[in-house]
């Protein structure tokens with residue numbers, strides 16, 4: 001075998017921040033939905049969605065084992081590996097168990113709609129085969145916001161998917177997008193997102209900030225031209241509304257992405273009051289220094 005790394009990727013490749021040390025196998029290319037107005041992740045021509053050739057994926061897994069790769073975590077990319085059939089997922093997970101026996105966690109991005117086609121028993125089978133964690137980008141719990149951003153989901157469809165995953169014993173990490181409702185829908189976005197989490201009690205919660213690269217006009221058009229982006233103070237106020245309305249038992253919370261104005265880490269709910277206090281301090285800071293619009297601040 002040559003010295004080249006045996007896994008090939010169709011760039012650009014995306015993964016959650018917590019998968020930075022994971023071995024990534026690209027089992028699909030792009031995103032099976034790929035219509036969300038705010039998302040620029042899979043817009044390059046080479047990222048048109050398709051499942052990767054099964055033989056190529058299995059060959060990469062086998063070669064990693066033959067090369068003696070020692071890894072405990074695997075992430076199955078791209079945007080939604082769960083769109084694959086049970087047969088294909090079963091074959092991939094079995095290959096990982098066979099050739100990479102040290103792996104203890106396999107995770108994927110997951111669209112709620114693609115859990116509709118998997119029964120609880122099927123999800124339980126995937127868990128036995130090593131699937132551990134689903135990253136679900138809920139973005140919002142508010143149906144109005146979800147419609148405007150063309151998410152292709154509703155409060156109910158997302159909640160049902162999370163509940164099904166939990167019933168199957170899978171862990172979930174849910175992302176909420178700070179600022180996605182703009183100024184007009186900020187309050188209902190924060191409260192309905194908290195309600196979604198209260199009902200489903202995910203293991204992990206991440207809050208990122210809406211960040212425009214090339215897609216700002218798509219978001220504005222989606223809102224009928226009436227979208228007003230939140231400033232730093234308003235984003236913190238929205239986050240405070242969201243966290244204040246949560247009734248979570250033991251969800252690990254993070255807002256430590258590069259997009260976040262304020263880095264927060266804690267467990268909801270035991271750290272809820274401490275997190276609210278940090279947000280209040282940040283709000284006071286931004287009101288006194290309105291020139292700040294981006295950056296990480298510790299208080």
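The values are calculated or read from the model by the stated rules, or taken from the named source; none is laboratory data. A quick note: this is a predicted structure, and the numbers were derived from the prediction, not measured. All Cβ positions, even for glycine, are placed from backbone atoms using ideal geometry, and neighbour counts span all protein chains on display.
Identify, please: which residue in the stretch 163-174 is touching a residue at least 40 places away in the same chain (Cβ under 8 Å) and buried (at least 20 other Cβ atoms within 10 Å of the Cβ) and is, among those, farthest from residue 251 (Cα to Cα)? Write out each step before concluding.
Going through the stretch 163-174, the residues touching a residue at least 40 places away in the same chain (Cβ under 8 Å) turn out to be 164-165, 167-170, 173.
Cutting the leftovers down to buried (at least 20 other Cβ atoms within 10 Å of the Cβ) gives us 165, 168, 170, 173.
Details: 165: 15, 168: 18, 170: 14, 173: 9 Å.
Result: 168.
Being more than 23 Å from residue 171 (Cβ to Cβ) and in contact with a strand residue (DSSP E or B) (Cβ under 8 Å, 6 or more places away or on another chain) is true for just one of 29, 34. Which residue is that?
Details: 34 fails: in contact with a strand residue (DSSP E or B) (Cβ under 8 Å, 6 or more places away or on another chain).
It is 29.
Of all residues in the stretch 9-18, which are within 25 Å of residue 87 (Cα to Cα) and out of contact with any helix residue (DSSP H, G or I) (no Cβ under 7 Å at 6 or more places or on another chain)?
From the stretch 9-18, those within 25 Å of residue 87 (Cα to Cα) are 9-10, 13-15; that's our starting set.
9, 13, 14, 15, listed by residue number.
From the list 247, 237, which one is touching a helix residue (DSSP H, G or I) at 6+ places or on another chain (Cβ under 7 Å), surrounded by 19 or more Cβ atoms within 10 Å (Cβ to Cβ) and touching a residue at least 12 places away in the same chain (Cβ under 8 Å)? Lay out the reasoning, then the answer.
Details: 247 fails: surrounded by 19 or more Cβ atoms within 10 Å (Cβ to Cβ).
Matching residue, one of 247, 237: 237.
If we scan the stretch 153-166, do we find a residue that is more than 27 Å from residue 42 (Cβ to Cβ) and under 20 Å from the mean Cα position of the chain (by Cα)? Steps first, answer last, please.
Keep residues of the stretch 153-166 that are more than 27 Å from residue 42 (Cβ to Cβ), which gives 163, 166.
Of the ones still in play, those that are also under 20 Å from the mean Cα position of the chain (by Cα) are 163, 166.
Scanning the stretch 153-166 turns up at least one residue that is more than 27 Å from residue 42 (Cβ to Cβ) and under 20 Å from the mean Cα position of the chain (by Cα).
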Worksheet entry | Output for the stretch 9-26, where each listed residue is in contact with a strand residue (DSSP E or B) (Cβ under 8 Å, 6 or more places away or on another chain) and in a loop (DSSP other than H, G, I, E, B) | 9, 10, 13, 14, 15, 16, 21, 22
Worksheet item: Just one of 225, 266 is surrounded by fewer than 19 Cβ atoms within 10 Å (Cβ to Cβ) and over 30 Å from residue 123 (Cα atoms); which is it?
Response: 225
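Got a sec? Which of 63, 48 is in contact with a strand residue (DSSP E or B) (Cβ under 9 Å, 6 or more places away or on another chain) and surrounded by fewer than 21 Cβ atoms within 10 Å (Cβ to Cβ)?
Values: 63 fails: in contact with a strand residue (DSSP E or B) (Cβ under 9 Å, 6 or more places away or on another chain).
Testing whether each residue is in contact with a strand residue (DSSP E or B) (Cβ under 9 Å, 6 or more places away or on another chain) and surrounded by fewer than 21 Cβ atoms within 10 Å (Cβ to Cβ) leaves just 48.
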Fill in: Among the candidates 151, 113, residue that is in contact with a strand residue (DSSP E or B) (Cβ under 9 Å, 6 or more places away or on another chain) and crowded, with 18+ Cβ neighbours inside 10 Å
151
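Let's see how each residue does on (1) assigned by TED's automatic domain parsing to the domain that holds residue 271; (2) touching a helix residue (DSSP H, G or I) at 6+ places or on another chain (Cβ under 8 Å); (3) surrounded by fewer than 18 Cβ atoms within 10 Å (Cβ to Cβ); (4) touching a residue at least 12 places away in the same chain (Cβ under 8 Å):
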position: 181; (1), (2), (3), (4): yes, yes, no, yes
position: 187; (1), (2), (3), (4): yes, yes, yes, yes
position: 194; (1), (2), (3), (4): yes, yes, no, yes
position: 197; (1), (2), (3), (4): yes, no, no, yes
position: 208; (1), (2), (3), (4): yes, no, no, yes
position: 213; (1), (2), (3), (4): yes, no, yes, yes
position: 230; (1), (2), (3), (4): yes, yes, no, yes
Response to the item:
Of all helices (runs of 4 or more DSSP H) fully inside the stretch 205-299, the set with 3 or more residues that are modelled with pLDDT under 90 is 216-222, 272-288
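Take residue 174 and decide whether it is closer than 24 Å to residue 256 by Cα, part of a helix (DSSP H, G or I) and either modelled with pLDDT of 95 or more or assigned by TED's automatic domain parsing to the domain that holds residue 224 (or both). So that I can check it myself, show each step before the final result.
Numbers: closer than 24 Å to residue 256 by Cα: yes; part of a helix (DSSP H, G or I): no; either modelled with pLDDT of 95 or more or assigned by TED's automatic domain parsing to the domain that holds residue 224 (or both): yes.
Against the criterion (closer than 24 Å to residue 256 by Cα, part of a helix (DSSP H, G or I) and either modelled with pLDDT of 95 or more or assigned by TED's automatic domain parsing to the domain that holds residue 224 (or both)), residue 174 does not qualify.
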Fill in: Flag if residue 196 is at pLDDT 90 or above and not in a loop (DSSP other than H, G, I, E, B)
yes
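Name the residue, out of 93, 76, that is surrounded by 16 or more Cβ atoms within 10 Å (Cβ to Cβ), closer than 30 Å to residue 211 by Cβ and not assigned by TED's automatic domain parsing to the domain that holds residue 252.
It is 76.
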